[in-house]
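Asks: Mind looking over this structure? Questions follow.
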Amino acid sequence: MTHESINSLRARLRALVENPRDVDVLLADVTGHTAAWLFAHGEERIDTEPVEALVRRRIDGEPLQYIRGRTEFFGREFFVDDRVLIPRPETELLVEAAIARAPNGARVLDVGSGSGCVAISIERERQDLDVTSIDISIGALAVAKRNAHEHQSNVRFAASDAFDAIRGEFDLIVANAPYIPRADYEQLATEVRDHEPQLALTPGPRGTEMIERILTARRAPMVKLEIGFGQLADVRDLARGYEIVEIINDLASIERVVVLSRHGRQ
């Protein structure tokens, strides 16, 4: 067991990582103290091994969220590991749109549970809604159910490849489906490509294969989709009886969420 002062260990490890703040976060996790406490107690000596082990994982490209086993989304903390995509801030736009526009008492279907963050956030903010969430990945569903339990959410989860195991129609479908074209997937940052589940990132060569399945099924009068850069024209072509009634841009002014209605109204 090797001991070193917090100041010395922090300086040594911060020089090894791309984002030095990651070391501060991991130090705080290991010691159980805040970053402010670490700065104020820099001369205290601690065991270096637990922190070094975590930083080695970060140097190898593992996302900080997986190392920590948690991330923030829509004001709540969610458990995450390499069975699920790490929630992105722009996906909060999808949740906001669903919360604001879902009819009272609506039946909502979330396609692509992942960590459960979308479905759980919607249900916790709008407890009048009847929310079901589906995913093809059994591993992802295990993570989503753990998060639902943690947040005392009433979302129902089911294993289904798109709508194969789902019967009936819903009032609203929300989906952050995989939308990255296969060629673009190969160019993603190593941290994403080598650690996050491929199934949650790319559905095939075009990137719109899952979006097409959702729209072709016509299982709800209103659909809210998160889409990738430059995909709006493709979504228009795939709408098949739906009309685009709203487009929501993210902070980078990229068209990120598309609201479609079979009746041409919001």
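The values are calculated or read from the model by the stated rules, or taken from the named source; none is laboratory data. Here the structure is a predicted model, which is why all the values come from computation and not from measurement. Don't worry about glycine lacking a Cβ; one is built from the backbone with ideal geometry, like all the others, and counts go over all protein chains shown. These area figures cover heavy atoms from the full protein model, side chains too; ligands, DNA and RNA do not enter into them. Shrake-Rupley method; radii C 1.70, N 1.55, O 1.52, S 1.80 Å.
Asks: Quick check: at a probe of 1.4 Å, how many percent of the accessible area of segment 1-99 sits on carbon and sulfur atoms?
Replies: C and S atoms contribute 49 percent here.
Asks: Can you tell me how much longer the chain between His33 and Arg12 gets when fully stretched, taken as 0.36 nm per residue apart minus their C-alpha distance, in nm with one decimal?
Replies: That works out to 5.6 nm of additional length.
Asks: Report, in deg cm²/dmol and to the nearest 500, the calculated mean residue ellipticity at 222 nm for the chain, where each DSSP H run with n ≥ 4 adds -39500 (n - 2.57) and the sum is divided by the residue count.
Replies: Computed mean residue ellipticity for the chain: -10000 deg cm²/dmol.
Asks: Between Asn249 and Gln198, how many nm apart are label points set 7 Å from Cα along the C-beta direction?
Replies: 3.5
Asks: Remind me, what semi-axes does the chain give for its equivalent ellipsoid, largest first in whole Å, using sqrt of 5 times each Cα gyration tensor eigenvalue?
Replies: Semi-axes, largest first: 39, 20, 16 Å.
Asks: Just going by the charge dipole of segment 142-266, with Lys and Arg at +1 and Asp and Glu at -1 on Cβ, which of Gly241, Leu188, Gln231 is farthest out on the positive end?
Replies: So the residue we want is Gly241.
Asks: Put +1 on the Cβ of every Lys and Arg and -1 on every Asp and Glu Cβ in the chain; which of Leu85, Ala142, Met210 then has its Cα farthest towards the positive end of the dipole?
Replies: Met210
Asks: With every protein chain in place, what's the accessible area of Thr2 (1.4 Å probe, Å², nearest 10)?
Replies: Number for this one is 80 Å².
Asks: Charges at C-beta only: +1 for Lys and Arg, -1 for Asp and Glu. How large is the resulting dipole of segment 125-266 about its Cα centre, in Debye rounded to 20?
Replies: 440
Asks: Could you give the spread of the C-alpha atoms of segment 1-128 along their three principal axes, from largest to smallest, in whole angstroms?
Replies: Each principal axis gives a Cα extent; for segment 1-128 these are 58, 29, 23 Å.
Asks: Give, to the nearest whole percent, the P(r) tail of segment 219-261 beyond 11 angstrom, counting all Cα pairs.
Replies: Taking all Cα-Cα pairs of segment 219-261, the fraction more than 11 Å apart is 62 percent.
Asks: Roughly how far apart, in whole Å, are the Cα centres of segment 78-119 and segment 1-49?
Replies: 34
Asks: Could you look at segment 111-233 and say what percent of its accessible area is carbon and sulfur, using a 1.4 Å probe and all protein chains?
Replies: Heavy-atom surface of segment 111-233 belonging to carbon and sulfur, 1.4 Å probe: 49 percent.
Asks: I need the calculated FRET efficiency for the pair Leu232 and Glu77, taking r as the beta carbon distance and R₀ as 30 Å, to the nearest 0.05.
Replies: 0.40
Asks: Can I ask one more? If R₀ is 51 angstrom, what is the calculated FRET efficiency for the pair His3 and Arg146, using the beta carbon separation as r and rounding to 0.05?
Replies: 0.90
Asks: Once the piece of chain linking Asn104 and Asp60 is laid out straight, how much longer is it, given 0.36 nm per residue of separation minus the C-alpha distance between them?
Replies: The span from Asn104 to Asp60 would gain 11.1 nm if fully extended.
Asks: Expressed as a fraction of 2.2 N^0.38 Å, the rule-of-thumb size for a compact globular protein of N residues, what is the C-alpha radius of gyration of segment 114-167?
Replies: 1.05
Asks: Within segment 101-137, which residues have the backbone N less than 11 Å from the label spot 7 Å out from Arg156 along Cα→beta-carbon, could you tell me?
Replies: Answer for segment 101-137: 108, 130-133.
Asks: Regarding segment 1-63, what are the three Cα extents along the principal axes, ordered largest first, in Å?
Replies: Cα extents, longest axis first: 29, 25, 20 Å.
Asks: Leaving out ligands and nucleic acids, and using a 1.4 Å probe, what accessible area per residue does the chain come to in Å²?
Replies: Value returned for the chain: 48 Å² of accessible area per residue.
Asks: Give me the net charge of Glu92's neighbourhood, meaning all other residues with Cβ under 12 Å from the Cβ of Glu92; Lys, Arg count +1, Asp, Glu -1.
Replies: -3
Asks: Could you tell me the largest-minus-smallest coordinate of the C-alpha atoms of segment 27-87 on each of the three principal axes, in descending order and whole angstroms?
Replies: 38, 28, 13
Asks: Can I ask one more? Express in % the proportion of alpha carbon pairs of segment 87-206 at distances exceeding 22 Å.
Replies: Of all Cα-Cα distances in segment 87-206, 34 percent exceed 22 Å.
Asks: What is the gain in length, in nm to one decimal, between Val25 and Leu188 on full extension, counting 0.36 nm per residue of separation less the C-alpha to C-alpha distance?
Replies: Length gained between Val25 and Leu188: 56.2 nm.
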